[in-house]
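Bear in mind these aren't lab numbers, they're just calculated from the coordinates by the rules spelled out. Since this is a predicted model, take the numbers as computed values, not measurements. Here Cβ is always computed from backbone atoms with ideal geometry, including for glycine, and neighbour counts include all displayed protein chains.
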Amino acid sequence: MFLKDKKYILDGGTGQTLIEKGLKPKGTLWSATALINNDYHNLLVETHLDFINAGAELIVTNNFCVRKRGFLKNNVLEHFESANRIAGQLAQRAKDLSNAQVLIAGSLPTRGDTYKSSFFQTETEIYQEFYETAKTLNPFIDLFFLDVICSVKETKIALEAVKQFKKPILIGLHFKNNARLPSGELIEDVIKEIHNYNYCGIIAACVSPEIARVVLPEFKMQKFPYGFKVNAFKNIPDDYLIDEKSGQQPTSILGTRKDFTPAVFKKFVDSLVNQGANLLGGCCEIKPSHIQSIKNLI
């Protein structure tokens with residue numbers, strides 16, 4: 001059960017950690033390759049366990065890249081449902097093996113291009129994809145995680161799609177350097193639209209530490225838990241788009257910050273805990289060693 005008055009350590013970047021461990025992504029499926037290819041299932045369980053053993057109390061299922069548009073382009077659309085199911089099953093297996101009191105959050109990733117607010121589907125199709133993902137994950141999870149959502153419109157569609165499952169919903173919003181969503185909307189634009197839903201907190205999702213520092217004070221305006229999953233990319237330019245033809249990994253384009261070491265991450269987290277943050281985690285390029293550094297912080 002998610003407790004709103006408790007501080008939680010979240011996991012880090014599962015996909016990037018898998019690649020570091022030896023995952024060879026197929027096309028632009030990236031971390032979803034570990035779900036489609038049975039040979040990588042144990043590696044994914046091991047990755048979840050690494051984060052749990054490092055101190056994570058809430059892990060996110062590894063289905064951020066399980067999206068119909070991407071699966072269609074990679075000619076694996078028939079694996080959409082099974083990939084989501086396997087993501088839930090393997091997270092549950094890791095939890096069982098750990099014997100730890102860990103919560104599993106089911107990832108409901110943005111349905112447009114990552115870090116963009118534009119869509120390639122109708123609102124009905126977006127709703128249906130959120131619903132299908134949620135329905136498949138539901139037996140294995142404790143709460144849902146809206147993963148790197150980029151607009152008020154997308155937030156509301158996702159909330160509507162999962163409300164019937166009656167589980168807490170953690171809202172993960174992505175922000176640009178101007179502290180606005182990719183849609184150009186403000187935090188308060190989101191907050192005023194979500195009061196009637198069963199959300200249990202808001203986090204700044206896959207943002208730089210600098211952006212997290214700017215947006216978190218705005219989260220204090222609402223009464224629910226808040227926090228962050230920060231990345232260690234050098235920079236995400238506003239015009240960033242995945243190169244569908246080359247299949248290049250995001251880190252090869254966005255770079256990795258060498259200065260954001262576990263020790264620096266610990267100082268960063270400590271400073272925001274002192275400002276009231278209680279959902280503390282990482283995203284791309286945040287490894288188990290980073291999470292280990294804050295294990296005793298709370």
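When shorter helices are ignored and each DSSP H run of at least 4 residues is given -39500 (n - 2.57), the per-residue value for the chain at 222 nm works out to -11500 deg cm²/dmol. When the GluC sites (Glu not before Pro) in region 116-210 are filtered for DSSP coil states and for at most 15 other beta-carbon atoms within 10 Å of their beta-carbon, the remaining sites are Glu193.
Taking the DSSP bridge list for the chain and keeping only pairs wholly inside it, about 5 percent are antiparallel. A P(r) calculated from all alpha carbon pairs of region 1-152, with 5 Å bins opening at zero, reads 2, 10, 20, 23, 21, 14, 8, 3, 0 percent. When restricted to Cα atoms, region 8-293 yields an Rg and a Dmax of 17.1, 48 Å, respectively.
On a straight-distance basis, which lysines could pair with Lys258 in a cross-link, Cα separation under 22 angstrom, same-chain partners fewer than 8 positions away excluded? The qualifying lysines are Lys21, Lys176, Lys229, Lys234, Lys266, Lys267, Lys287, Lys295. When the trypsin sites (Lys or Arg not before Pro) in region 125-205 are filtered for DSSP coil states and for at most 16 other beta-carbon atoms within 10 Å of their beta-carbon, the remaining sites are Lys166, Arg180, Lys192.
Less than 5 angstrom separates the built amide H of Tyr8 from those of Leu279, Leu280, all sequence-distant by 5 or more or on a different chain.
Between the amide H of Lys234 and those of Gly255, Thr256, Arg257, distances stay under 5 Å, these residues lying 5 or more places away or on another chain, with hydrogens modeled in the peptide plane. Under 5 Å from the amide H of Leu103 lie the amide H atoms of Leu58, Ile59, each residue being 5 or more positions distant or on a separate chain, with H modelled from the backbone and absent for Pro and chain starts. Size check on region 170-222: the Cα extents along the three principal axes, sorted descending, read 30, 19, 18 Å. With N residues in region 97-226, what two-decimal value do you get for its Cα radius of gyration over 2.2 N^0.38 Å? My calculation over the Cα atoms of region 97-226 gives 1.02. Loop-located chymotrypsin sites (Phe, Trp or Tyr not before Pro) across region 107-186 with a Cβ neighbour count of 12 or fewer within 10 Å are Phe120, with loop assigned by DSSP. Backbone phi angles across region 111-117, fed through the Karplus curve with coefficients 6.51, -1.76 and 1.60 (θ = phi - 60°), yield HN-Hα couplings of 9, x, 5, 4, 6, 10, 9 Hz in residue order; Gly and Pro are listed as x. Please give the Cα centre distance for region 121-159 versus region 21-91, rounded to the nearest Å. Computed from Cα coordinates, the inter-centre distance equals 17 Å.
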